[in-house]
Structure formats: C-alpha cells, structure tokens
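> Pasting a structure below so you can have a look.
The values are calculated or read from the model by the stated rules, or taken from the named source; none is laboratory data. It should be emphasised that the depicted structure is a prediction, and the values quoted were computed from it without experimental measurement. Heads up, the Cβs are rebuilt from the backbone with ideal geometry, glycines too, and the neighbour counts pull from every protein chain shown.
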Amino acid sequence: MNSKTIFEKSQENRVGIKLPPLDVDTSPILPEYLRRKAKAKLPELSEFDVIRHFTNLSSKNFSIDKNFYPLGSCTMKYNPKIIEKIASLEGFSSLHPHLITNDEEDSVQGALEVIDDLQNYLCEITGMEAFTTTPQAGAHGEMLGMMLIDSYHKEKNNKQKKYVIIPDSSHGTNPATVTMIGYKVITIKSDENGYMDFEEFKKKMNDEVAAVMLTVPNTLGIFNKKIKDLCDIAHEYDALMYYDGANMNAILGVVRPGDIGFDVMHINVHKTFATPHGGGGPGSGPVGVNHKLKEFLPDLGIYKKDDKYFFNKNMENSIGKISPFFGNYGISLRAIAYMKILGKEGMQNASKKAVLNANYILARLKPYFDVPYDMICMHECVLSAKSLKKKYEVSAMDIAKYLIDFNLHAPTVYFPLTVPEAIMIEPTETENKQSIDEFCDKMIEAVKLAETNPKEFLNYPKTLGVCRPDDTRAIKELDVRSIH
Ligand SMILES: *Cc1c(COP(=O)(O)O)cnc(C)c1O
C-alpha cells in the first residue's frame, strides 16, 4: 500500500470526507526491506481530545498575557495583538521564500520594502550606516558581528590581533561568541559603580586587542558614563567597538550607539520591538555596522532604485551567507509594524517609561533588600538577597519560588554573576502602576516572612505539580510524568 492510499483511507475513516487525491508522486522510494510490514501504532485521538489536551496545557503555561513577567534581561513586554494580525496577513504569510532566491524581485516588492524599511529605521535609531536582518537571534548577531570584525582585521593584515575585552558583568553569550570565532577573552572586572574598571581597561588595552564588547546599558541596568572615552581609547589601537544592543529598550530615541563611536552592534528585535519570545525563540538579531565593516556584510543585500527594490549582487567582500532568506522574516515584519504604530515619539516614550518603571521598583524595594549599585538605574534594577541569606537563610531562589504562588513570574535570579544572591527585575514600559505595586507588595511580604518565619519558604510554591525539584538531577534525569 503506498502512502497515497493510506492518507485517503484514514481521511475517509475518521471524518467521512474524501479529499482530492494528492497531486504528487507517492510511489515508494524506500527499498522493500526497509518498508513497514504492519500498520504503525499511532495514537488514535479525536480532534476534541487533542484540543482539550492542548488547551489545558496552554493554560498551565505562564505568559505575559497572563500576568507580570519581570524577568530581567529578557524585556518581556506586552506584544500588541494587531501586530500578530499584520504578521499573518495572507500577502506576507503565504509568500514562498524561494521567490527571493529565484530573483523574482517583481513579485516580492512589498516584502523587500519591509526589509528595506526595517534596515533604514534601525540605522536611524542606532546611528549605524547599514543593517542586515539575517541573524536569527541576539547570539547569532554577536557571531556575525565578530565575523565581520575578524574580516576587517584580516583585510588590514592585522595579524597580531588575538584578544577581545569583555567586562565581567556581560551576558554569557559574549565570551562564548568570541571564543567560537577564535579570539581569546580578556575579562575586566566591574568597579564600585558597576562600570567596567577604567584603569584596568587602559592597562589591558594594546595592539593585540581586536575588539571591545560592551552591553550598554549593561546587565546591571547601568549606563557607563565613560563610554565615549572607552571607544576613543580602543580606536587608538585599531580595536573595534562591539555594542551588544539587547538592552536598547532603555535608550530608544535617546542615545545612538553609532554616535557614541561603536563600529558594530546587534539589536534583539524580539525583545525591544515586541515579538512574543521565550523558551528559545523565535528571534531576530539584526546587525548594524559603520563604514569600516559595511563591505563585509552578508550577501543578501537589497537596494532601491527608481522606487523599485533589487537584490544586491555586487558584494565582493561579503562574508557570504549566515542564514537563508533575510533571516526570520516574520519577526522583521512584526518589528516594522511595531515601529510604525509607535512612531518616533512613541518609542521614545516607551524607553522613558521602561526606565521610570524600573526606578520606581528600585525605590520601593530599596529599604528591604541590598542594593549593590545604589544609583538611578536604566530599564532594569538589580537587588541582592545577601543579607536575607545571612540573617535568615532565605535565598534569592526562595524569594523566586515564593512569588510563583501568587501568579507572578519570578525575576531573573543569580545573574549577573558578579552580584551574590542577585535578583534582577525588568518591568518594561507596558506594566501599569497597579501591577507593579502588587509585585512590590509581594516582594515586601516575602521579606517580612523571612523575618518572622523563614522555614516557611521551604513550602513554596504550594500550588504547582513540581515544587522544589533537584535542579541538577532534573537536567540529567528529567521525569515529566511526575507533573500532575
Ligand atoms: C538576551 C541577550 C543576549 C542574547 O540574545 P538571544 O536573542 O537570546 O540570543 C545577549 N546579550 C544580552 C545582554 C541579552 O540580554
């Protein structure tokens, strides 16, 4: 029996509808001895059973649409539903990606306009000269950025370049990327303000440094006031400045990395420009460059001439392809929709409110927690449960587990690694005062519980199927059946 008849039969049996025969050659390709002798034992479930199963599963999942999601460093803002509608418009969603590779420019003018618009908007927002939308995540963008830097040094015959300077507060992807591209990491510690130590930086800077990779504002939620000086010093040694733009949500329309002196950057479009993300995807990490690196960009370029878009075929020094079809197109589409809906003023306001919200939380919680860097923060604030741990044996993890029972997503804990018992809170601009206050009240309640009955924390969360798994063992021997 070939697959065509199986398909038709199963359709007839299940729902009584006869579908038209498949218009494909379904003759068996597998040799006889490899083919199934008996029918596959597939689970037989009705549509209703399946719907009920997945609906129940989805309601177990926590998302920003359900409640506050202050996961620091992740920018879990509300994703307006109109943007999902735009992204699913037939004209976009049913485009075949090969229309791009087949040079069918005429039939994809609208799609190309979206990419060109997005690249231009990103240039305007960041002060960079050119952008590519091809990288499919922030970390992928970092990798491309480092490849471009590598190409630059190879082209200039800068053979002595071996090192990349990174502060100890960086996101883990930064040193991982640098190592993957074949450079060695020089880690520089943070000073008492949370900045990369300036004197130490000057000491480590020399002709062998290929690049300096910085996150601005950094993962402590702090904007380095010496950032311009850092760029100038690095450039004296022909080291390129890489800007990890995952925290752009703090400075949209306020500061432009290109104006500060950065040569290359990525931007986490899924974070800053509102695409539902988490659990590993989907993402998009466009990379922007200045004149020094423009020629090396990936070879999927487009240009506009007389109101028409064309593929750029003259990219001789391009590093080639890093992903197909202009990257994660659906995310580009969501980003441009978001930008057009908000406009310049809307995006500026978003950033200002994100910063205001984080500072409000910091001010409310300061009397109850340790504050490692006590100053105005940017889009996120970092607290520490160091004293709670010392006095009452209540850790950052205990606080996180406690919050879960009140329908709150926990903040990021134990990151950045430089802060002991770190609790990192990023409210974003889309939360209102009421929900932020409710969160702060719960955090304060947790501290009061620590003071009065610290042992009680061991019982939280009380409402979940799995409460306190042995994290290390769960990674190696995951047993999902124990979730009831
Ligand atoms: C999220 C993040 C990244 C990595 O981005 P992905 O899109 O998750 O790959 C890199 N740097 C910083 C500072 C981040 O917050």
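> Pairs only if they're at least six apart or on different chains, beta carbon under 6 angstrom, first in the range 72-91 and outside any loop (DSSP other than H, G, I, E, B), second away from the ligand (no atom under 16 Å from the Cβ); list them, first residue then second.
83/337; 83/338; 86/337; 87/333
> Please verify whether the range 245-259 includes one or more residues that are surrounded by fewer than 16 Cβ atoms within 10 Å (Cβ to Cβ), at negative phi and within 28 Å of the chain's Cα centre (by Cα). Steps first, please.
Looking only at the range 245-259, we keep the residues that are surrounded by fewer than 16 Cβ atoms within 10 Å (Cβ to Cβ), and these are 254, 259.
Within this subset, residues satisfying the condition of being at negative phi are 254, 259.
Imposing the further condition that a residue be within 28 Å of the chain's Cα centre (by Cα) reduces the set to 254, 259.
The answer is yes, given that some residue of the range 245-259 is surrounded by fewer than 16 Cβ atoms within 10 Å (Cβ to Cβ), at negative phi and within 28 Å of the chain's Cα centre (by Cα).
> Among the residues of the range 261-286, write down those that are surrounded by 23 or more Cβ atoms within 10 Å (Cβ to Cβ), within 12 Å of the ligand (Cβ to nearest atom), outside any helix (DSSP H, G or I) and not polar (S, T, N, Q).
Step one: filter the range 261-286 for residues surrounded by 23 or more Cβ atoms within 10 Å (Cβ to Cβ), giving 262-275, 284-286.
Pick out the ones that are also within 12 Å of the ligand (Cβ to nearest atom) and you get 265-272, 275, 284-286.
When the remaining residues are screened for being outside any helix (DSSP H, G or I), the result is 265-268, 275, 284-286.
Residues satisfying the conditions are 265, 266, 267, 285, 286.
> Somewhere in the range 124-144, is a residue in a helix (DSSP H, G or I), more than 16 Å from the ligand (Cβ to nearest atom) and touching a residue at least 24 places away in the same chain (Cβ under 8 Å)? Even if it seems obvious, please write down each step before you answer.
Going residue by residue through the range 124-144, those that are in a helix (DSSP H, G or I) are 124-126, 138-144.
Next cut, more than 16 Å from the ligand (Cβ to nearest atom) only: 124-125.
Okay, now just the ones that are also touching a residue at least 24 places away in the same chain (Cβ under 8 Å), so 125.
Yes, the range 124-144 has at least one match.
> While we're here: Check off (1) without any contact (Cβ under 8 Å) to a residue 24 or more places away in the chain; (2) in contact with a strand residue (DSSP E or B) (Cβ under 6 Å, 6 or more places away or on another chain); (3) of a type outside the set (Ser, Thr, Tyr) for residue 154 and give me the number that stays unchecked.
(2)
> With (1) within 25 Å of residue 388 (Cα to Cα); (2) basic (Lys, Arg); (3) modelled with pLDDT under 85 as the list, and residue 448 as the residue in question, which single condition is left unmet?
Result: residue 448 passes all but (3).
> Might you check whether a residue that is part of a strand (DSSP E or B), within 14 Å of the ligand (Cβ to nearest atom) and not hydrophobic (A, V, I, L, M, F, W, C) occurs anywhere in the range 205-220? Break it down stepwise before answering.
First, pick out the residues of the range 205-220 that are part of a strand (DSSP E or B): 209-215.
If we keep only those that are within 14 Å of the ligand (Cβ to nearest atom) as well, we get 213-215.
Okay, now just the ones that are also not hydrophobic (A, V, I, L, M, F, W, C), so 215.
Yes, some residue in the range 205-220 is part of a strand (DSSP E or B), within 14 Å of the ligand (Cβ to nearest atom) and not hydrophobic (A, V, I, L, M, F, W, C).
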